[in-house]
Amino acid sequence: MNIMLNDLYTPLPEITPMTLALIASRDKKENRTTQVVEEDTEYLVQAHTSRLIDQSCKYFGSSLKGRQEGTREICGITYKAPITINPSSGMYFFPTNSPSNSNCCWIAHSHIDQVNQAQTSGTEIIFKNGKKIFITTSYGIVLNQIQRTAQYRYLLDKRLQFLQKHHADRVAESPFS
């Protein structure tokens, strides 16, 4: 029996700083899929949005659960917590529903330009590059998630800046410098 390595291991796509959103969808057989929206392309993946987020968090040394616990520790948000996949590259995402919900989408905070209430229920998100998506999550919830993510980014960034300054000060005081 000849088994190719690719038959055993098919990695999920990596979320990058160019990822705008992960949109929950279903294929013709009603299996969970994700529409990955990038700055210059879009494609479908046979996986739940939160699984893709979890895999990307693991790539950077944590997990979705670990990032959620970090958010709770930093700013007390426990439900639909925004997370950072990698703060040094500005990859902050927020969920539109509970991450375990099959309709949960993940939106990249730094790419959002405008948010509009849709004519019907739902929300239109316009990204800085002009791409638009429509999600069924209410306008008020999306605005709240954007605000919570901004608060989380600010508090985490403040901590990181403090650590960098504290480290730079200690290096400057070192007798070996």
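The values are calculated or read from the model by the stated rules, or taken from the named source; none is laboratory data. On a predicted model such as this, the values are computed, not experimentally measured, just so you know. Backbone-built Cβ (ideal geometry, glycine too); neighbour counts: all protein chains shown. With ligands, DNA and RNA removed, areas are computed over all heavy atoms of the protein, side chains included. Shrake-Rupley method; radii C 1.70, N 1.55, O 1.52, S 1.80 Å.
Side notes on the structure shown:
Residues are listed down the side, and each one gets a yes or a no for (1) farther than 21 Å from GLY122 by Cβ; (2) of a type in the set (D, E, K, R); (3) modelled with pLDDT of 90 or more:
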| residue | (1), (2), (3) |
| --- | --- |
| TYR9 | yes, no, no |
| THR16 | yes, no, yes |
| GLU73 | yes, yes, yes |
| SER102 | no, no, yes |
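- Residues that are of a type in the set (Ser, Thr, Tyr) and either open to solvent by 10 Å² or more (accessible area, probe 1.4 Å) or over 11 Å from the mean Cα position of the chain (by Cα) (or both), drawn from region 93-112: SER98, SER100, SER102, SER110
- SER25 being under 20 Å from ARG153 (Cα atoms), in contact with a strand residue (DSSP E or B) (Cβ under 9 Å, 6 or more places away or on another chain) and not in a helix (DSSP H, G or I): no
- Residues of region 137-156 that are in contact (Cβ under 8 Å) with a residue 24 or more places away in the chain and either exposed (fewer than 14 other Cβ atoms within 10 Å of the Cβ) or touching a Cys at 6+ places or on another chain (Cβ under 9 Å) (or both): THR137, LEU143, ARG148, GLN151, TYR152, LEU155, LEU156.
- Residue within region 85-95 that is of a type in the set (S, T, N, Q), closer than 17 Å to LEU20 by Cβ and at pLDDT 95 or above present: no
- In region 116-131, residue surrounded by the most Cβ atoms within 10 Å (Cβ to Cβ) [restricted to those that are within 23 Å of SER89 (Cα to Cα) and not polar (S, T, N, Q)]: ILE125
- Selection within region 45-97 - in contact with a Gly (Cβ under 8 Å, 6 or more places away or on another chain) and part of a loop (DSSP other than H, G, I, E, B): SER62
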